[in-house]
1. Which FRET efficiency, nearest 0.05, do residue 101 and residue 350 yield, Cβ-Cβ r, R0 22 Å?
2. Would you mind calculating the relative contact order of the stretch 60-202 from Cα pairs under 8 angstrom and at least 6 residues apart, reporting the percent as a whole number?
3. Hey, rough spin-label estimate for residue 223 and residue 276, points 7 angstrom out along Cα→Cβ, what's it come to in nanometres?
4. For a test of the definition: using alpha carbon positions, the gyration tensor, and the 1.5 limit on a/c, classify the stretch 101-181 as rounded, prolate or oblate.
5. Given contacts defined as C-alpha pairs under 8 Å and at least six residues apart, what's the relative contact order of the stretch 274-367, whole-number percent?
6. What is the calculated FRET efficiency for residue 56 to residue 196, with r their C-beta to C-beta distance and R₀ = 56 Å, to the nearest 0.05?
7. Would you work out the relative contact order for the chain, in percent, from Cα pairs under 8 angstrom that are 6 or more residues apart?
8. Using a 1.4 angstrom probe, figure out how much accessible area the stretch 156-219 has per residue, in square angstrom, rounded to the nearest whole.
Amino acid sequence: MAVKPVKMGVIGCGAISGAYFNAAKTFPVLNIKSVADLDPARAKAAAEANNCQAVSVKELLADPEIGIVLNLTIPKAHLEVALAAIKAGKHVHAEKPLACSRADGKKLIDAAKAKGVLVGSAPDTFMGAGIQTCRKLIDDGWIGKPIGAQAFMLCHGHESWHPDPEFYYKVGGGPMFDMGPYYLTALVTLLGPVKRVTGSTGMSFAERTITSEKKFGTKVEVEVPTHVAGVMDFANGAIGTITTSFDVWAAEVPRIEIFGTEGSLSVPDPNNFGGTPKIQRMGAKGWSELPLTHSYAENSRGIGPADMAAAIAAGRPHRASGELAYHVLDIMHAFHDASDEGRHVELESTCERPAPLPTGLLKGMLD
Ligand SMILES: NC(=O)c1ccc[n+]([C@@H]2O[C@H](COP(=O)([O-])OP(=O)(O)OC[C@H]3O[C@@H](n4cnc5c(N)ncnc54)[C@H](O)[C@@H]3O)[C@@H](O)[C@H]2O)c1
């Protein structure tokens, strides 16, 4: 029997929202009925472009047909919007990070549990062909037992292209909270949860100058660390390092490499869905490029909430879960705490690795 797709409402129609409207073209289960924004003109434009209706946040939350709210607001609004949606009995999928603080993240997870609704969070790039292929390679033993990992996200910030980049330099922003979720979610997918971390953080520029068109020349006061280096002890025994920075003009380092007892794996950019994994097994004379074993190599942002809708219909856990996002949030805070306090931090949170996607899925399918 065909399951009636659950309808969705989008709150926050800014820069990233287009990716979700695009995903709705791939995943029939991602059925967007209404959109809302603090700025009604943005909601109206998004509704007109995407053949749905513009409403107020209040109207969206009061609509009994809407089962899932996509919370695409800026990080500091994530909690308030998510709690309102949960109170209205809606499942929520949030853009990353899940929330700004651990306390807010916990509040969200607890509220959803009490109400019997699901929480999901970006990123969902770990469900793409690149990371899923690497996961299969590791799980199938191609590099032996994983012993280490390194990850790098180095750039000079987003003020050269984002029309409203201020939030990247305020609480909830910074390179770790902005880009760390892609790298850490990929690492937890590949290696499992982390049990303790340490780290060092720095801020190289107290002020940034916006050079994107709308606000060209506007200064932004930097309130958060913009160069963050962390060390992670994974529960499986592997030791990982990660550096995220908005202070670096150029670098040649890889995105992610995983080292095992029988070889090394070069993992494609976890901010994208596809890419080319490379392997060098012990004794080999160089890297070999590997074909992707999984579907969704093209930009499929929105696959997370699509999976949530499919999971509700199938009665199985959703993959881009609140628990996974909370563990990642905990790791990111722990790097900053470790630096501030000069110590290792044992993590209180943990999570299950999200279930792998099957190989050979047809476009639009998740099971
Ligand atoms: N822009 C990107 O490339 C990108 C990529 C990945 C993830 N994200 C994440 O997506 C989220 C949104 O980023 P963005 O770049 O689209 O930001 P944005 O500033 O372009 O858009 C955010 C929108 O949310 C609206 N909004 C804010 N508070 C609200 C509230 N309380 N109720 C209703 N609407 C509200 C704003 O009016 C705005 O239209 C962030 O969490 C960001 O980390 C952005």
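1. 0.70
2. 22 percent
3. It is 4.4 nm.
4. Oblate, because a/c is 1.5 or more while a/b does not exceed b/c.
5. Dividing the mean separation by the residue count of the stretch 274-367 yields 27 percent.
6. For residue 56 and residue 196, the calculated efficiency is 0.80.
7. Normalised by residue count, the contact order of the chain is 20 percent.
8. 39 Å²
The values are calculated or read from the model by the stated rules, or taken from the named source; none is laboratory data. Computed from a prediction, not measured in an experiment: that's the story for all the values here. We place every Cβ from the backbone using ideal geometry, glycine too, and count neighbours over all the protein chains shown. These accessible areas exclude ligands, DNA and RNA; they are computed on the full protein's heavy atoms, side chains included. Shrake-Rupley method; radii C 1.70, N 1.55, O 1.52, S 1.80 Å.
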